[in-house]
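Below is one structure, written out as structure tokens, with a few remarks after it.
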Amino acid sequence: MREIAIVPLQEFEVPLEAENIRPDLFATLSLEEIRDLEVWEGNRKRVLSDLFSVADDDGTGECLIRLDGDFSRVKRIGEGMREGKILVRGNVGMRAGSGMHGGSMQIEGDAGDWLGREMRGGSINVKGNAGNYVGSRYWGERCGMRGGEIKIEGSAGAYLGDHICGGRIVVKGDAGDFPGASNRGGAITIGGDAHLPGAEMVSGAIVVKGRARVLPSYGFQETAEIEGKLLWKFVGDLVEKGKGELYVALVEDDGQLDK
Amino acid sequence: MIVEDVLCPFCGCLCDDIRVEVEDDRITKVNRACRLGASKIRGHERIKAPMVREDGELVETSYEEAYRRAAQILYQAKRPLLYGWCSTVCEAHKKGILLAEEVGGVIDSTATVCHGPSIIGIEEKGLAGATLGQVKNRADLIVFWGSNPAEAHPRHSLRYSTNARGKFTEGGRSDKKVIVVDVRKTRSSKNADKFLQIRPGTDYEVISALRMIVGGNGDLLPERVAGISKDDLVDAAEMMKAARFGAFFFGLGLTHSRGSYKNIDNGLSLVNELNSHTKFMIMPMRGHYNVSGFGQVCAWETGYPMAVDFSRGFPYFNPGETAACDVLANGEADAALVVAADPASNFPRSVVEKLAEIPVVQIDPFENPTTLISDVVIPSAVAGVEVEGTAYRMDGLSLRMKKLVTSSYPSDEEVLDGIIEEVRRLGDDN
Amino acid sequence: MIIKGGIVYDPTNGIFGEEMDIFLDGGKVVEEAKGEEIDAQGLLVMPGGVDAHTHIAGTKVNTGRIMRPEDARSGLEPKTKILRPCTGYTVPNCYAIGYRYARMGYTTVFEAATPILEARHTHEELEEIPIVDKGALTLFGSNWEVLECVRDGDLDKLAAYVAWGLRASRGYGVKVVNPGGGEAWGFGGNVKGLDDPVPNFDTTPREIIRGLVKANEMLNLPHSVHLHTNNLGKPGNYTTALETLDIVKDIAPTRDRQVLHVTHMQFSSYGGTGWRDFKSEAPQIAEYFNRNDHVTMDMGQLIFGNATTMTADAPLEYSNARLLHAKWSNHDIELEESSGVVPLVYGRKMPINAIQWAIGLELALLTESPWKTLLTTDHPNGGPFVNYPEVITLLMSGAKREEEMATLHELVAKRTVLPTIEREMDWGDIAVMTRAAPAKVLGLAEKGHLGVGADADVTVYDLRPEKIDPARDHKRVKEALGRVKYTIKGGEVVVRDGEIVAVPRGRTYWVDASVPEKDAERVQADLVDKFDKYYSIQKSNYMVQDAYVTNPVVVKAGVI
């Protein structure tokens, strides 16, 4: 294992874009070359060593990048990575792991919006909370995440797994509005509550172990037992002739829905 | 002198039949405009001269000095935001985009606080639209959803929609049916044949229920959806299907309630599906007279209609990250240029506080609450009254605004040119 | 300027691969000139390319951009000292359009469809497209005034209205799309053939086409009527196309050109009774063109991958969107037209797409005279214009076609005759299809050739025609066609070694046709009534103002 440690030298006044922080790229470079990699501070082009201290343990084999400190204003970390590991000992900014194909990312703090956007493979684990649009697609595209796995120990924001076409997202806490919208084959499990899951879902599955409001365009089928818990099973979204499966423990019932 | 067929620089209706009387280069009378439009054309108290903030106070200065100070602020910034553009002409938009390229900034319009979600919905589904004259000549069913034209677009009904008369709608209002969907009774709902009063935040569900009925799956619906009985929903859906030409107009009640762009997305699908039964169109009721124009110019110049980030030299677009409210709320912007808009009044309080923390340059004919938090204030001529130029109506139709009186102030375009020149000078020096 | 020693292809002037010098001065080709020397020794030299049919400006193009942020993710080029930033592939921004055409050696491009009411928008975008000269064709096929004149058989009034519509839109020619269908679509309908009546207007597509072709010739317009046929895009539509070609055969053109140009013929050359037995009828269409000289066409070649379809044929777009469950934008224009935009992907393994791809090539290869078949992809309907080098190499190389066909759905071999075609075009054919013929079809006397008096628009390719065999070295040829050695526009070098080095503003062509006063007055009386009752704007605000065409070339035509 070769471990590269990166520590911010300062608090960042404006956000950075650092898509070059990816282990499969680092693996091919010397420490000097890594320090010289391009990173953008707002509209200013910098090199990594202008803004971070970078240390190399000169190990061999798979590359691990350790990010120590607050990276919540650093965007695009691990974008498109195919192998290796990233360990973030703090928070991470927007679009971390977007377009990721392989390898793994462990985030000990919180993750920003668009975590794992259009992810194709690999795994992301978040100890804290994640923002909006986890595993989603880019605007106008038909597919978000297609493969891999995202696990969030805390809660996720709105539009979780929007247009997910494959892969798996597990959130231990709550999700916000519209998780799994336009799902075409992905699997989403939410430990807590959610609002209007599976809007325009075509296929795939969404499990809400807490409370959720269910769209009137879902058909109730039966009860089902999942991981020892009795859940209501719905099929939809019927406005899209969908055959997606939606499981909900507590259906928000304010007199509008039968269940 | 009487100037005929003047365009009104107020709302997205962009009425072009206003008659203005001008004496001694002053506007003395405005006919045919609504109260809102007439007041806008007559104008009010102007910013007298350029100002810069010295020791906390705004003090008068020259245009040259104001351009220099504005250029320094924008040139030095690492993530400047160039915001506004709704109440000026497209010629100014083009300069704004050029300036954003020059300073590597983020440019966005007031869509961020109005119909931005509508545009995102369109990116998902496309938009089944038409010009307003098509509605006037053909529509026999009008739906207003979360919009109240009687208050916000006063001449919409008579010129284009519920009360307009055209080739196939000679009877006017008596030939048409009107459905209003809103969370409260409004002046517009009083004119409706059918009013669906829905609970706040349930628009998405109600639209899904209508899609179920239109798609032939109404029998699977529960008896009530979001407080509306199934019978009422079926009735509304049948009215839509029975129309010869339906027109669905929506406002901020739909874009800014819970569900946001997903509400629009769903509404666009409803209209798409209604087209397999009859002819139906849908249109956002744009607020400011040329916010639509900014979207058009930005799209042909950058490929995207709003929220464009030039920090890497090419356009990047990601509402939620690069929209004006996002850039400010996330504490990303380190300077701002505000043109022809008033974010201090229209943004959420927490966002205004962020704006107040960074250097702000304002270009506007009129003082407004944003002036109070600005560091450089540059008064300009009133577009569409003192300056000619292009504006786009809510249906995307472009028209040329007239110059009615002369102004001692430079146009927004000229002010922006002055700043661009100074920015380029700074670039050459470094 | 002197372009020295090039191997010149200038079909208009009968020059096919002669080594010669070209002299440029004052923006024109001249007998003799001094100044900068461009070393083109042994290199392929042609007039600047002319695109007679592309969708690059106006409401529907911008609608395509707005509804497709995913398209703008590709084609990114950052700003430079002289270039604005670029985005997009199927719906590029204005700057990308100008730069990319110039890099391929094109210097004149015509937007193919603009409604009068929204022409101001079209010109706003055309003004922003750098380098190339341009023009816009104006839509007339579902316009109420046109329908009423045709119904009443009043050709004088029709011609006067067409003249006024061209002036109001600052348009160059008469475009007709699915005649009558745009009006029917106002209430969700369509017309199904040449004799299907247009609802509420008591006329038919046949009458509209004949009326407008006659009016076009009465006005002596530089271009003929430019037609998108009825039933376009539907299986079995080749009969409609053949019938359409025949109904204008008796009308004599008043200029030395076709009497009708049928555009993107690929989409109108379909056989079969449905999609299941869908097949090519391109040989029948080509045969018609080989036997008749009164019509021309352009290919509308399909390119695999992403496309954004956009057309005034709004009912077609609705059925496309329903069929593909794709995004759908529609836009009806009061009293005039309707239109639609639908993004789609053409797949090599999709039988229908593979057959469509072959049809475009069959049309070009089976039609003997290259003067009758312009090279287009109906950008971005068949695919983006940046793929012209691909199309050219397909026409020039049988080996390339075989390689491609091997990657396609096998039905391409059964439902088309493309595998049996051996023709390989030469540089003369290509120079005709991309320069001489489009200029002639459009009636642009100073474009598409290098004779004295022609505009100083020249392409120098980094290809040695005497040393390279395009049939074999098609990869190298394609590369060189996409990245020219020099593009010279108006006597100025704008591209050198594939890079833009200067960004002059292009000009905009429009036609000002005179008509008898009495007819003009009758039209005005009608229009006053229409604006009073039906349009949503005032008549005085309708016409495109001069402020929107700041560098015009006004071509005079008319009956007086």
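Starting from residues that are away from every other protein chain (no Cβ under 12 Å) and out of contact with any helix residue (DSSP H, G or I) (no Cβ under 9 Å at 6 or more places or on another chain), keep the ones in region B:382-408 and report whichever is farthest from B:Ile2 (Cα to Cα).
That would be B:Ser408.
Given A:Lys209, A:Lys241, A:Lys233, A:Lys172, which one is of a type in the set (Lys, Arg), away from chain B (no Cβ under 14 Å) and more than 20 Å from A:Val134 (Cα to Cα)? Lay out the reasoning, then the answer.
Working: A:Lys209 fails: more than 20 Å from A:Val134 (Cα to Cα); A:Lys241 fails: away from chain B (no Cβ under 14 Å); A:Lys172 fails: more than 20 Å from A:Val134 (Cα to Cα).
Just one listed residue meets the conditions, A:Lys233.
In region A:10-92, which helices (runs of 4 or more DSSP H) lie fully inside it and hold 3 or more residues that are surrounded by fewer than 21 Cβ atoms within 10 Å (Cβ to Cβ)?
A:31-35, A:48-51
Which one is farthest from the other protein chains (Cβ to nearest Cβ), of the residues in region B:264-317 that are hydrophobic (A, V, I, L, M, F, W, C) and touching a Ser or Thr at 6+ places or on another chain (Cβ under 6 Å)?
Only one residue fits best here, namely B:Met285.
Of all residues in region A:185-196, count the ones that are away from chain B (no Cβ under 14 Å) and either surrounded by fewer than 24 Cβ atoms within 10 Å (Cβ to Cβ) or charged (D, E, K, R) (or both).
6
Which of the residues that make up region C:358-407 are of a type in the set (Val, Ile, Thr), farther than 17 Å from C:Asp426 by Cβ, within 16 Å of the chain's Cα centre (by Cα) and surrounded by 24 or more Cβ atoms within 10 Å (Cβ to Cβ)?
Scanning region C:358-407 gives C:Thr376, C:Thr377.
Residue by residue through region C:299-335, note down the ones that are within 29 Å of B:Ser398 (Cβ to Cβ) and charged (D, E, K, R).
Residues satisfying the conditions are C:Asp313, C:Glu317, C:Lys327, C:Asp332, C:Glu334.
Pairs only if they're at least six apart or on different chains, beta carbon under 9 angstrom, first in region C:319-346 and in a helix (DSSP H, G or I), second of a type in the set (D, E, K, R); list them, first residue then second.
The qualifying pairs are C:Ser319/C:Lys234; C:Ala321/C:Lys327.
Considering only region B:1-55, how many residues are buried (at least 17 other Cβ atoms within 10 Å of the Cβ), away from chain C (no Cβ under 14 Å) and at positive phi?
0
Do we find that C:Gln538 is of a type outside the set (Lys, Arg), within 29 Å of B:Lys167 (Cβ to Cβ), in contact (Cβ under 8 Å) with a residue 60 or more places away in the chain and within 14 Å of another protein chain (Cβ to nearest Cβ) in this structure?
Spelling it out, it is not the case that C:Gln538 is of a type outside the set (Lys, Arg), within 29 Å of B:Lys167 (Cβ to Cβ), in contact (Cβ under 8 Å) with a residue 60 or more places away in the chain and within 14 Å of another protein chain (Cβ to nearest Cβ).
Just to check your reading of the model, which residue among C:Leu83, C:Leu117 is within 13 Å of chain B (Cβ to nearest Cβ) and either at pLDDT below 95 or within 23 Å of B:Leu98 (Cβ to Cβ) (or both)?
C:Leu83
Would you be able to say whether some residue in region B:212-220 is outside any loop (DSSP other than H, G, I, E, B), surrounded by fewer than 24 Cβ atoms within 10 Å (Cβ to Cβ), free of Cβ contacts under 8 Å to residues at least 60 places away in the same chain and among the small types (Gly, Ala, Ser)?
yes
Which condition number does C:Asn290 fail, the rest of (1) more than 14 Å from C:Asp378 (Cα to Cα); (2) surrounded by fewer than 24 Cβ atoms within 10 Å (Cβ to Cβ); (3) touching a Phe, Trp or Tyr at 6+ places or on another chain (Cβ under 7 Å) being met?
It fails just one condition, (3).
Within region C:79-111, restricting attention to residues that are closer than 21 Å to C:Asn62 by Cα and in contact with a Lys or Arg (Cβ under 6 Å, 6 or more places away or on another chain), which residue is surrounded by the most Cβ atoms within 10 Å (Cβ to Cβ)?
C:Val91
Just to be sure before I move on: is B:Lys241 touching a His at 6+ places or on another chain (Cβ under 9 Å), of a type in the set (D, E, K, R) and surrounded by fewer than 23 Cβ atoms within 10 Å (Cβ to Cβ) in the structure I sent?
yes
Which residue out of C:Pro235, C:Pro199, C:Pro205 is within 21 Å of C:Gly340 (Cα to Cα) and free of Cβ contacts under 8 Å to residues at least 24 places away in the same chain?
From the options C:Pro235, C:Pro199, C:Pro205, the qualifying one is C:Pro199.
Can you tell me which residues in region A:134-159 are away from chain C (no Cβ under 14 Å) and of a type outside the set (Gly, Ala, Ser)? Show your work before the answer.
Of the residues in region A:134-159, the ones away from chain C (no Cβ under 14 Å) are A:134-135, A:145-159.
If the condition is that a residue be away from chain C (no Cβ under 14 Å) and of a type outside the set (Gly, Ala, Ser), then A:Val134, A:Met145, A:Arg146, A:Glu149, A:Ile150, A:Lys151, A:Ile152, A:Glu153, A:Tyr159 are the ones that fit.
Please tell me if A:Tyr133 is in contact with a strand residue (DSSP E or B) (Cβ under 8 Å, 6 or more places away or on another chain) and surrounded by 24 or more Cβ atoms within 10 Å (Cβ to Cβ). Talk me through it step by step, then tell me what you get.
Numbers: in contact with a strand residue (DSSP E or B) (Cβ under 8 Å, 6 or more places away or on another chain): no; surrounded by 24 or more Cβ atoms within 10 Å (Cβ to Cβ): yes.
Against the criterion (in contact with a strand residue (DSSP E or B) (Cβ under 8 Å, 6 or more places away or on another chain) and surrounded by 24 or more Cβ atoms within 10 Å (Cβ to Cβ)), A:Tyr133 does not qualify.
Being at pLDDT 95 or above, over 22 Å from B:Val22 (Cβ atoms), surrounded by fewer than 23 Cβ atoms within 10 Å (Cβ to Cβ) and in the same structural domain as B:Gly96 (by TED's automatic domain parsing) narrows it down to one residue among B:Arg425, B:Arg393, B:Arg400; which is it?
Only one candidate qualifies: B:Arg425.
Quick check: is even one residue across region B:167-178 buried (at least 20 other Cβ atoms within 10 Å of the Cβ) and within 14 Å of chain C (Cβ to nearest Cβ)?
Yes, the conditions are met somewhere in region B:167-178.
State which residue pairs qualify: first residue on the phi > 0 side of the Ramachandran plot and inside region B:268-283, second residue surrounded by fewer than 24 Cβ atoms within 10 Å (Cβ to Cβ) and in a loop (DSSP other than H, G, I, E, B) in any location, beta carbons under 9 Å apart, and separation of 6 or more residues or different chains.
Qualifying pairs under 9 Å: none.
Tell me, which residue of region C:97-110 that is out of contact with any helix residue (DSSP H, G or I) (no Cβ under 6 Å at 6 or more places or on another chain) and within 30 Å of C:Gly141 (Cβ to Cβ) is nearest to the other protein chains (Cβ to nearest Cβ)?
C:Ile97
Return the residues of region C:473-491 that are outside any helix (DSSP H, G or I) and without any contact (Cβ under 8 Å) to a residue 24 or more places away in the chain; say none if nothing qualifies. Steps first, answer last, please.
Let us first name the residues in region C:473-491 that are outside any helix (DSSP H, G or I), namely C:473, C:483-491.
Within region C:473-491, just C:Asp473 meets the criteria.
For region C:71-79, does any single residue satisfy the condition of being of a type in the set (S, T, N, Q), free of Cβ contacts under 8 Å to residues at least 24 places away in the same chain and at the interface with another protein chain (Cβ under 9 Å from one of its Cβ atoms)?
Checking region C:71-79: not a single residue is of a type in the set (S, T, N, Q), free of Cβ contacts under 8 Å to residues at least 24 places away in the same chain and at the interface with another protein chain (Cβ under 9 Å from one of its Cβ atoms).
Residues checked against (1) more than 14 Å from chain B (Cβ to nearest Cβ); (2) surrounded by fewer than 17 Cβ atoms within 10 Å (Cβ to Cβ); (3) more than 27 Å from the chain's Cα centre (by Cα); (4) hydroxyl-bearing (Ser, Thr, Tyr):
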{"residue": "C:Asp512", "(1), (2), (3), (4)": "yes, yes, no, no"}
{"residue": "C:Asp529", "(1), (2), (3), (4)": "no, yes, yes, no"}
{"residue": "C:Ala547", "(1), (2), (3), (4)": "no, yes, no, no"}
{"residue": "C:Asn551", "(1), (2), (3), (4)": "yes, yes, no, no"}
{"residue": "C:Lys556", "(1), (2), (3), (4)": "yes, yes, no, no"}
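Go through the residues of region B:133-155 one by one and say whether even a single one is surrounded by fewer than 24 Cβ atoms within 10 Å (Cβ to Cβ) and without any contact (Cβ under 8 Å) to a residue 40 or more places away in the chain.
yes
Among the numbered criteria (1) among the hydrophobic types (A, V, I, L, M, F, W, C); (2) under 20 Å from C:Val295 (Cβ atoms); (3) in contact with a strand residue (DSSP E or B) (Cβ under 8 Å, 6 or more places away or on another chain), which one does C:Leu194 miss?
Evaluating C:Leu194 over (1) among the hydrophobic types (A, V, I, L, M, F, W, C); (2) under 20 Å from C:Val295 (Cβ atoms); (3) in contact with a strand residue (DSSP E or B) (Cβ under 8 Å, 6 or more places away or on another chain) leaves (3) as the failure.
The values are calculated or read from the model by the stated rules, or taken from the named source; none is laboratory data. Just so you know, these numbers come straight off a predicted model, no measurement behind them. Using ideal geometry, Cβ is built from the backbone for each residue, glycine included, and neighbour counts are taken over all protein chains shown.
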